[in-house]
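The values are calculated or read from the model by the stated rules, or taken from the named source; none is laboratory data. In this text, all values refer to a predicted model and were calculated from it rather than measured experimentally. With ideal geometry, Cβ positions are generated from the backbone for all residues, glycine too; neighbour counts draw on all protein chains shown.
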DNA sequence: CTGCGGTGATGCGCGTTGGTTATCAGCGCT
DNA sequence: AGCGCTGATAACCAACGCGCATCACCGCAG
């Protein structure tokens, strides 16, 4: 009678790939598991959804009909999950702030204080998100607003207000040959191996590799998904990493030195929210930030 | 991530009853099973859906949001199942004919023949449905057309073409005191215990108890969900049963006699289809029947 | 105050489901 | 003829979902 939406997801994958083995890889399950679940779905519906003739897989008319509907259902469930979660958050008077690196600079404290002044019952939750998600939890509704370094992916889906503009520094091990320098030009940094954000970070990865300033591709020493992992890699001497001046202070620790790179454009930290989020609290919150001077 | 639609159905039941035990009864599961599934759903969504304060159950805002969406999703899945099934039936060139009692009278044979003459690749499937479903499978798309005795439930959802009009007879055990009679008046039948269709049969139950002709309520000997069960009850001497003259012949068997009830209005057998079913085959099929004389 | 009735949660045992790995069977291609 | 690819099947195992029995908690009547 009823169905597990997972089975519909399985079916959509097979229907799109028209290939059980590839679909199974995409779904991170084994091919036999997938075969059996599809067979079970067909048995439940008492309908053949796919024609398998040994070498090829094709949709039956019924399968084609289900494919469209299944996509709708999955999307509807996704939207439902988000809506329910939003309602719950709203009812519990919490604004979830996504962040990938420490924000510091007194920003969160100030934001919390000003929020309390206009909405005394509300409070702030901080949600740490790895660099894999360049929207810091906004995209999948794990956060309501987020502090992100520009550029943002999918700029049409987001709005933001810049809260800090800071020069970029190079952080290297204190044993590094450049460690004693007080400032650097980008020419001196260009060919150093750098620690990169994960591919999933999108354009931001390029920004922190300074691809806006270099001609060829950067030398990637290693990939780090969090600031702490990156600093650990720096201490281990794997390579350097570019970061903002403010973050250089926040993440200052023994074994690391940070040196300004004078001829590199600044980094911008922004408070970001979803363009389709029209909740009053969110609007009021960003209105607060709009009044701030860009430090 | 994904959810089993059964869990949503469980949740809707609890949200509507605001009472776990009653909801569990409605769902034909035990109360502990229901409690745990709801708890699991809440855990999956990381959201409290119901406030249980010992004595009462209430929806949280998140629960209210989910309730509306869950109903939509369940309805959407229901529609999807039907649509997929219809597409499959269409593609396999089959018209499924629902029936509750044998149709006989050469009707199915004639229908099959005429269908083959206009649509040579199509064939007929017969689907037996118990009296519990007065639409003979039309409502839940188990059949495409059906032979039903009037009156039909929810007449706006159905269209029909009468194919036979026959007097009603009384079938009783051959040991019954009336067994030797050649005909009866309804006054002689009115107070006999009769075998009834299940409550779920709707108005049809009343029709076969001749409530259109009697003043007080009928005496119900027992309930039978199929014609064979009814005849078995007749043979066992539990009571009489009203049936059409044609069916009296079809179900004639040792130990049973059928006697016309002269002053009872006739029964009408109709070919029924869904008013929202606009498939060409269905239209052509009923056009065929429209040309038949009402026997 | 105390016992009773009603309600949802919890512990336990059991069958089913969904997952894995290993292997088979059919077909195309060299 | 043999190899490679693909989906199905077999065998096994952990997790899930269910029912039964029971608990914990509250309101209420005596």
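Of B:65, B:43, all but one fail to be more than 16 Å from DNA strand D (Cβ to nearest atom) and within 14 Å of another protein chain (Cβ to nearest Cβ); the exception is B:65. Every condition in (1) in contact with a strand residue (DSSP E or B) (Cβ under 9 Å, 6 or more places away or on another chain); (2) modelled with pLDDT of 90 or more holds for residue B:255 except the one numbered (2).
In the condition set (1) at pLDDT 90 or above; (2) on the phi < 0 side of the Ramachandran plot, residue A:210 is compliant with all but (2). Taking segment B:147-247 as the region of interest, the helices (runs of 4 or more DSSP H) fully inside it that hold 3 or more residues being surrounded by 19 or more Cβ atoms within 10 Å (Cβ to Cβ) are B:203-208, B:227-235. Scanning segment B:14-25 for residues that are assigned to a helix (DSSP H, G or I) and within 12 Å of DNA strand C (Cβ to nearest atom) gives B:14, B:15, B:17, B:20, B:21, B:22, B:23, B:24, B:25. Of everything in segment B:9-19 that is within 14 Å of chain A (Cβ to nearest Cβ) and more than 26 Å from the chain's Cα centre (by Cα), the residue that is farthest from DNA strand D (Cβ to nearest atom) is B:15. Here residue B:54 passes the criteria (1) exposed (fewer than 15 other Cβ atoms within 10 Å of the Cβ); (2) more than 9 Å from chain A (Cβ to nearest Cβ); (3) under 24 Å from residue A:89 (Cα atoms) except the one numbered (3). Just to be sure, is residue A:90 more than 16 Å from DNA strand D (Cβ to nearest atom), under 21 Å from the mean Cα position of the chain (by Cα) and either at the interface with chain B (Cβ under 7 Å from one of its Cβ atoms) or in a helix (DSSP H, G or I) (or both)? In short, no. Given A:36, A:6, A:22, A:26, which one is without any contact (Cβ under 8 Å) to a residue 60 or more places away in the chain, facing chain B (nearest Cβ under 7 Å), surrounded by fewer than 18 Cβ atoms within 10 Å (Cβ to Cβ) and over 30 Å from residue A:273 (Cβ atoms)? Testing whether each residue is without any contact (Cβ under 8 Å) to a residue 60 or more places away in the chain, facing chain B (nearest Cβ under 7 Å), surrounded by fewer than 18 Cβ atoms within 10 Å (Cβ to Cβ) and over 30 Å from residue A:273 (Cβ atoms) leaves just A:6.
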